[in-house]
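Contents: one structure, followed by commentary.
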Amino acid sequence: MASVTFSKATRIYPSVPRPAVDALDLEIEDGEFLVLVGPSGCGKSTSLRMLAGLEEVDEGSILIGDRDVTNLKPKDRDIAMVFQNYALYPHMTVGDNMGFALKIAGNSKEEIGKRVAEAARILDLEQFLDRKPKALSGGQRQRVAMGRAIVRSPQVFLMDEPLSNLDAKLRVQTRTEIAALQRRLGVTTVYVTHDQVEAMTMGDRVAVLKDGILQQVDTPLRLYQQPVNVFVAAFIGSPGMNIGHFELDGEEAALGRARLRLSRATLDALREEGADRLVLGFRPEALEQVGADEPGAFPVQVSVIEELGSDAFLYGALTDIPGSSVDGSHIIARVDPSRPPAKGDVVHLRVRPGMQHIFSESTGRRLPD
Amino acid sequence: MSVAVDVGDRAASRRQGGASRSLRRSGDWARRVPLLPALIFTIVVTQLPFVATLVISFMNWNAYYPNERGFAGFANFRSVLTDVAMRDAIITTIELTVTVVAVSLLLGLVVALLLDRSFLGRGAVRTMMITPFLVVPVAAALLWKHALYNPEYGLLNGVLKGVWGLFGAAGSAPQPDWITQMPLLSVEIALIWQWTPFMMLILLAGLQSRPLDVIEAARIDGAGSWQIFRYMTFPHLRQYLELGALLGSIYIVQNFDYVFTITSGGLGTANLPYAIYQTFYQAHDYGRASAAGVVVVIGTILIATLALRTVSSLFREETSR
Ligand SMILES: Nc1ncnc2c1ncn2[C@@H]1O[C@H](COP(=O)(O)OP(=O)(O)OP(=O)(O)O)[C@@H](O)[C@H]1O
Ligand SMILES: [Mg+2]
């Protein structure tokens, strides 16, 4: 087991001007479960493949433990990888698939048999050991791919969207199983996903990437509560954060009838920037339903109510500012599931004080609140 | 517009009820009858010669003894399988086929592995590698016989002379008469030259259908280049190797051009097709020639059955993936 360090690691694909991964700095502790998340094409797989040795590192370096592996071959890095399509060896049985790495490493037959049996027991694959991969279901194949990784007891596990080919229910179940297995084995793991729910539920820490640039690395909770910029704020959370471009009006941020008192620290930061506009984000649960004459309350016309039993979400449009800049004037709010408003109603909402996120309009960075 | 017409049509035919069914049947025939001449022509052209051969193979029919024509039972087959010349022809055929297929597969594999890497001008090299397969067999055989093997002005001996000439000993360069000294090998080399590209194409297709992530997984699992070839590439290529071997065998068993052109069947190079040709055109023993032809066809059918089975297993693999 070992830590992993990316130090200004950069990958530039030939004939593509922009780096796919741009000066990635990331330290992953020994035994940590780190999730790489981001929209499609942001460079998650490329980062992982750089760590695996399947992709060159054009600049910077990568360390596993204290060992510089930047120029090592994949086989010399002591890592195991689970691929999105599992990449099982089609002409080998499940047992041979799991034992292949041990066989290449020159282990004895008994040793291989013992370790494969142990992994099969953990993953509940014992009755499939003699089958070929094509005679397995998707979920079973996924477990074989996991088994192939764990029999090796490597220093680091790498997983590239290993759950994306499973159906929704199995995905949730397998998600917890993988997380539990990783805690039990204590092997440092780098896990790639584009699904932010997966990222938030599995990771000790989550790294958010965009266009090859690392945006923020933090625990899931801090990522949710303290996003460093508008991108992270909008990306993390489901349903997503409401984001609006407000004007500075004295000591308040204003958008139509919506008003929010700003703190001294925020005002100072804005003055320093010389900005008279700012970006304000508030999560669905930061909105509360209030009376029409409450200060700062703004009217919203309900277009959809999504009732999930334990929760209810209101999807609406701001009525007083047609075509306003709150993302196409749509707004999402969590409402009391026991008495949700009806479709077509006009309700009044207010941002709960202290639950807003404030960002600079020019840089997108978080401002003190 | 056409939809409306169609709907109207159908409504009309429904109204006519039972009458429409017989109408439809005669309509079907009206459509099929014009195809009949083509069908009959195809049957006549493709199937009748074989049936005729089959019938003749059971007959005693030699142009030199026109009065003895009649039913001969299995006598022709017996003589094909016991006659020394015919038996030698069968053995030569097997030897020729096995050598050519095995060596061209091996060379094809090597070339395919080299062409599977990306390098500058790969497309051009690939096209050039394929050209031998596009040359008309007779032309290729003539080329080998005269431009390469000829002891006086052939390329091979010319090169030998040139190489020896570099050391100032052009006079003592070996000048073998290739075709006389190694007749079967000469035929085999020319055939291998023509068939290697075919094998290469099949194997290259196989190589390029290898799933990339499986290879990457193997590399991460610690496999080196040789182990990847041994445990991943080779098992994947097995079916393609089988396919190449079987398709190649079907053609090379029937090869006539090279034997006829290069050695005229002399010096123990007469294979079955050549022996058939001799029996037919020189001995004028039509019955025996036909029997030998039937033996070739049976051999080919056996190989072809295996080939088809391989192809279908390939398809099965492909769809189940
Ligand atoms: N072989 C390649 N050659 C050139 N560009 C590439 C290559 N592979 C990936 N890229 C580019 O690099 C960027 C990052 O790709 P990457 O596969 O890492 O994305 P990702 O974050 O894994 O996306 P996804 O969630 O869709 O898998 C993309 O813009 C992609 O187009
Ligand atoms: Mg990816």
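The values are calculated or read from the model by the stated rules, or taken from the named source; none is laboratory data. Fair warning: this is a prediction, and the values are worked out from it, not measured in the lab. Cβ atoms come from the backbone with ideal geometry, glycine included; neighbour counts cover every protein chain shown.
Within segment B:77-90, can you find the residues that are within 11 Å of B:Ala275 (Cα to Cα) and of a type in the set (Asp, Glu)? The answer is B:Asp88, and nothing else. Any residue at all in segment A:106-122 that is over 29 Å from A:Ser7 (Cα atoms) and facing chain B (nearest Cβ under 10 Å)? There is at least one residue in segment A:106-122 that is over 29 Å from A:Ser7 (Cα atoms) and facing chain B (nearest Cβ under 10 Å).
Scanning segment B:233-253 for residues that are within 14 Å of chain A (Cβ to nearest Cβ) and among the polar types (S, T, N, Q) turns up B:Thr233, B:Gln239.
The set of residues in segment A:181-205 being in a strand (DSSP E or B) and either within 16 Å of ligand 1 (Cβ to nearest atom) or under 8 Å from the mean Cα position of the chain (by Cα) (or both) consists of A:Val190, A:Tyr191, A:Val192, A:Thr193.
Pairs linking a residue in segment A:15-34 that is closer than 16 Å to A:Tyr191 by Cβ to a residue that is more than 16 Å from ligand 2 (Cβ to nearest atom) and of a type in the set (D, E, K, R), with Cβ atoms under 7 Å and 6 or more positions apart or on different chains, are A:Glu32/A:Asp204; A:Glu32/A:Arg205; A:Phe33/A:Asp204; A:Leu34/A:Asp204; A:Leu34/A:Arg205.
From B:Thr53, B:Thr93, B:Thr97, grab the single residue that is closer than 17 Å to B:Gln278 by Cβ and touching a Ser or Thr at 6+ places or on another chain (Cβ under 6 Å). Steps first, please.
Values: B:Thr93 fails: touching a Ser or Thr at 6+ places or on another chain (Cβ under 6 Å); B:Thr97 fails: closer than 17 Å to B:Gln278 by Cβ.
The unique qualifying residue is B:Thr53.
With the condition kept exactly as written, say whether any residue in segment B:215-229 is touching a residue at least 12 places away in the same chain (Cβ under 8 Å) and more than 14 Å from every other protein chain (Cβ to nearest Cβ). Taking every residue of segment B:215-229 in turn, none turns out to be touching a residue at least 12 places away in the same chain (Cβ under 8 Å) and more than 14 Å from every other protein chain (Cβ to nearest Cβ). Take the conditions (1) under 23 Å from the mean Cα position of the chain (by Cα); (2) within 14 Å of ligand 1 (Cβ to nearest atom); (3) among the hydrophobic types (A, V, I, L, M, F, W, C); A:Val16 misses just one of them, which is (1).
Among the conditions (1) crowded, with 20+ Cβ neighbours inside 10 Å; (2) under 27 Å from B:Leu148 (Cα atoms); (3) among the aromatic types (Phe, Trp, Tyr), the only one that B:Tyr251 does not satisfy is (1). Picking from residues in segment A:71-91 that are over 23 Å from the mean Cα position of the chain (by Cα) and outside any loop (DSSP other than H, G, I, E, B), the one that is farthest from the other protein chains (Cβ to nearest Cβ) is A:Asp76.
The single residue among B:Leu308, B:Leu302, B:Leu314 that is of a type in the set (A, V, I, L, M, F, W, C) and modelled with pLDDT of 80 or more turns out to be B:Leu302.
Checking each residue in segment A:16-44 for being among the small types (Gly, Ala, Ser) and more than 15 Å from ligand 2 (Cβ to nearest atom) picks out A:Ala23, A:Gly31. Can B:Ala291 be described as in a helix (DSSP H, G or I) and in the same structural domain as B:Gly244 (by TED's automatic domain parsing)? Taking the combined requirement at face value, the residue satisfies it.
Hey, could you check segment A:37-69 for residues that are in contact with a Ser or Thr (Cβ under 7 Å, 6 or more places away or on another chain) and within 12 Å of ligand 1 (Cβ to nearest atom) and say which is modelled with the lowest pLDDT? Only one residue fits best here, namely A:Glu55. One residue stands out among those in segment A:211-241 that are out of contact with any strand residue (DSSP E or B) (no Cβ under 9 Å at 6 or more places or on another chain) and not in a helix (DSSP H, G or I): the one that is modelled with the highest pLDDT, which is A:Gly237.
Every test in (1) free of Cβ contacts under 8 Å to residues at least 12 places away in the same chain; (2) under 19 Å from A:Leu34 (Cβ atoms) is passed by A:Arg121 save one, and that test is (2).
This table checks each residue for (1) surrounded by 22 or more Cβ atoms within 10 Å (Cβ to Cβ); (2) of a type in the set (Lys, Arg); (3) in contact with a helix residue (DSSP H, G or I) (Cβ under 6 Å, 6 or more places away or on another chain); (4) without any contact (Cβ under 8 Å) to a residue 12 or more places away in the chain.
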site: A:Val144; (1), (2), (3), (4): yes, no, yes, no
site: A:Ala168; (1), (2), (3), (4): no, no, no, yes
site: A:Arg184; (1), (2), (3), (4): no, yes, no, yes
site: A:Tyr191; (1), (2), (3), (4): yes, no, no, no
site: A:Val208; (1), (2), (3), (4): yes, no, yes, no
site: A:Ile213; (1), (2), (3), (4): no, no, no, no
site: A:Val217; (1), (2), (3), (4): no, no, no, no
site: A:Arg222; (1), (2), (3), (4): no, yes, no, yes
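Criterion first (part of a loop (DSSP other than H, G, I, E, B), away from chain A (no Cβ under 14 Å) and out of contact with any strand residue (DSSP E or B) (no Cβ under 8 Å at 6 or more places or on another chain)) does B:Ala270 satisfy it? Yes: the conditions hold for B:Ala270. The residue of segment A:136-175 that is farthest from the other protein chains (Cβ to nearest Cβ), among those that are in a loop (DSSP other than H, G, I, E, B) and within 21 Å of A:Ala199 (Cβ to Cβ), is A:Asp167. Counting the residues of segment B:216-232 that are closer than 18 Å to B:Leu109 by Cα and among the hydrophobic types (A, V, I, L, M, F, W, C) gives 4.
Run down B:Trp164, B:Trp178 and say which single residue is aromatic (Phe, Trp, Tyr) and closer than 23 Å to B:Gly265 by Cα. The unique qualifying residue is B:Trp178.
Confirm whether A:Leu72 is under 21 Å from A:Gln155 (Cα atoms) and away from ligand 1 (no atom under 15 Å from the Cβ).
Yes.
Those helices (runs of 4 or more DSSP H) of segment B:122-223 in which 3 or more residues are at pLDDT 90 or above and more than 24 Å from B:Ile252 (Cα to Cα) occupy B:212-220. All told, B:Gln282 falls short of being modelled with pLDDT of 85 or more and surrounded by fewer than 20 Cβ atoms within 10 Å (Cβ to Cβ).
Filtering segment A:69-88 to residues that are crowded, with 16+ Cβ neighbours inside 10 Å and aliphatic (A, V, I, L, M) leaves A:Val69, A:Ile79, A:Ala80, A:Met81, A:Val82, A:Ala87, A:Leu88. Can you name the residue in segment B:115-135 that is of a type in the set (S, T, N, Q) and without any contact (Cβ under 8 Å) to a residue 24 or more places away in the chain and is also farthest from B:Val100 (Cα to Cα) among such residues? Taking the candidates together, the pick is B:Ser118.
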